[in-house]
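Just below is one structure, and these are the notes that go with it.
The values are calculated or read from the model by the stated rules, or taken from the named source; none is laboratory data. Being a predicted model, the structure only gives us computed values, none of them experimental. Every residue, glycine among them, receives a Cβ derived from its backbone with ideal geometry; neighbour counts consider all protein chains shown.
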Amino acid sequence: MNTRTLLILGANGDLTHRLLLPGLGRLIAADPELDIALIGAGRTELSDQTWFDRASKAMLHEVDEADSAARQRIKAVAEASRYLTANVTTSRDLAAVLAQCPTSPAVYFALPPAVTIEACTALRDVDLPAGIVLALEKPFGTSVATAEELNALLTSLVPEPQVYRVDHFLGKSTVLNLLGLRFANRIFEPIWNADSVESVMIYYDEELGLEQRAGYYDKAGALVDMIQSHLLLVMALVAMETPSSLHPDDLRGAMAQVLRAARPWQGDAATAGRRARYATGSINGRTLPNYVDEPGVDPQRGTETLAEVKIGIENWRWAGVPFTLRSGKAVGNARKEIIITFKNVPHLITGLTGCASPPRLRVVLDPDRLHLDLNINGAGDPFNLEQVTMSAEFGKGALSPYGEVLSGILDGDPILSIRGDVAEQCWRIVEPVQQAWGANTTPLEDYEAGTPGPKSWNL
Ligand SMILES: O=C1O[C@H](COP(=O)(O)O)[C@@H](O)[C@H](O)[C@H]1O
């Protein structure tokens, strides 16, 4: 068997223990053939026992209690794993950590963005083993210019196919199901365009508030944290042309092509977006303070916790169709769904009544479901239409989104990682909106935590 080494930088952090290691545990459970060496590195000193206890607990967290074979394999990986105390922003410590890897590693930067850049810069003075893979978390840069700089830095270290820019949304099973839904059902392609589609909405609202993440979130805000980093990529999967295969060049090429055609609606960034931040309120029996009173928040910064941007895709397929992307924190009745609203029929035949709402296809990301809202005759009068919903559940994937992402990284399959130019395109699309918001041309409104958004938005 071919041992693959996963080296996690920032191994004592929240991302590692809350998402990466549980994802790795499920991956090991799903693939008995996976032969993996795990090495963690971080600034904090940890005893071998503490690392083992924490790593095995996190890896076992999402694995079925009854699956004793899988649990044994996970414990074996944890027992053989090592934790190294290191300052990963120095070339000396990075070289020492790399020297401990049994095979050329996949290096996962589970670090804040600025520290990731320092670590990558330090790697310039290290002899990198052939085949080393670099996996970076979002946000990838802070602007088009910084994303370009980071891309240049990374490709000075390793060839582009060895760089993985992680977006765990691309690992969500229902997001991946968009491919099957669109491209394995011929009924959709003829109507998947501006002739038949009125609008597309991509919502990812969350009940969660800031969750002690002010250090990162207050600088990012909902626009960067969710729309730039995730929802534009979901939009790309919804709107792209048919790729000829799932080869990374085909799929990622199709995503890049559609993103290049996207810009704020009618080219007017000031009117294309709305923004707001939560004020005190309660959600699921929990009272949240005003966002600005959360520990670590700088009230002067004017960070939004709810962002909505209308995007136009300027190509033959989508000209004139608004794509509305929205995401917020502390939102009540939080919706996580993609809604394709179709146009009404050009003429409702005389005698049919009651057809008030256009048909819609709704892909719900949590819980994973598909709904088709159609106008058909209701009970009684056969010519009086009403809207009914046909629903189906999407099959769950065996892996968590981070498990999918890690699987791609360890298998050398970049299909779920973002290509360098795509990361730059996502910044190009949101930058004018950031500028408009920075210049205060778009008001920052308030909404009570636990409500869908500002009252004036009529959500
Ligand atoms: O990357 C992020 O995603 C999460 C939402 O994703 P989920 O899979 O946990 O639902 C979001 O809460 C977080 O702010 C953002 O950084």
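Go through (1) closer than 21 Å to residue 138 by Cβ; (2) more than 19 Å from the chain's Cα centre (by Cα); (3) surrounded by 17 or more Cβ atoms within 10 Å (Cβ to Cβ) one by one and return the number of the condition residue 301 breaks.
(3)
Would a scan of the range 400-414 turn up a residue that is in a strand (DSSP E or B), under 27 Å from the mean Cα position of the chain (by Cα) and at pLDDT 95 or above?
No, because not a single residue in the range 400-414 is in a strand (DSSP E or B), under 27 Å from the mean Cα position of the chain (by Cα) and at pLDDT 95 or above.
Give the number of residues within the range 371-399 that are of a type in the set (Gly, Ala, Ser) and assigned to a strand (DSSP E or B).
Qualifying residue count for the region: 2.
Condition check ((1) assigned to a loop (DSSP other than H, G, I, E, B); (2) modelled with pLDDT of 95 or more; (3) hydroxyl-bearing (Ser, Thr, Tyr); (4) more than 12 Å from the ligand (Cβ to nearest atom)) across all residues:
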{"position": "229", "(1), (2), (3), (4)": "no, yes, yes, no"}
{"position": "237", "(1), (2), (3), (4)": "no, yes, no, yes"}
{"position": "311", "(1), (2), (3), (4)": "no, yes, no, yes"}
{"position": "319", "(1), (2), (3), (4)": "yes, yes, no, yes"}
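Quick grid of which residues meet (1) in contact with a Pro (Cβ under 9 Å, 6 or more places away or on another chain); (2) of a type in the set (A, V, I, L, M); (3) farther than 30 Å from residue 450 by Cβ:
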| residue | (1), (2), (3) |
| --- | --- |
| 328 | yes, no, no |
| 331 | yes, yes, no |
| 376 | no, yes, yes |
| 388 | no, yes, yes |
| 395 | no, no, yes |
| 405 | no, yes, yes |
| 411 | no, no, yes |
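Which residues, counting only those in the range 346-384, are away from the ligand (no atom under 16 Å from the Cβ), modelled with pLDDT under 85 and on the phi < 0 side of the Ramachandran plot?
Selection gives 355, 356, 377, 378, 379, 381, 382.
Restricting to the range 276-307, and then to whatever is assigned to a strand (DSSP E or B) and in contact with a Phe, Trp or Tyr (Cβ under 6 Å, 6 or more places away or on another chain), can you tell me which residue is farthest from residue 221 (Cα to Cα)?
First, pick out the residues of the range 276-307 that are assigned to a strand (DSSP E or B): 276-279, 281-283, 286-288, 306-307.
From the residues that got through so far, the ones that are in contact with a Phe, Trp or Tyr (Cβ under 6 Å, 6 or more places away or on another chain) too are 276-278.
Numbers: 276: 10, 277: 9, 278: 12 Å.
If we take residues in the range 276-307 being assigned to a strand (DSSP E or B) and in contact with a Phe, Trp or Tyr (Cβ under 6 Å, 6 or more places away or on another chain), then 278 is farthest from residue 221 (Cα to Cα).
Is it true that residue 334 is small (Gly, Ala, Ser), within 16 Å of the ligand (Cβ to nearest atom) and modelled with pLDDT under 95?
Details: small (Gly, Ala, Ser): yes; within 16 Å of the ligand (Cβ to nearest atom): yes; modelled with pLDDT under 95: yes.
Yes; evaluated as a whole, the condition is true for this residue.
Which condition number does residue 258 fail, the rest of (1) part of a helix (DSSP H, G or I); (2) within 13 Å of the ligand (Cβ to nearest atom); (3) more than 16 Å from the chain's Cα centre (by Cα) being met?
(2)
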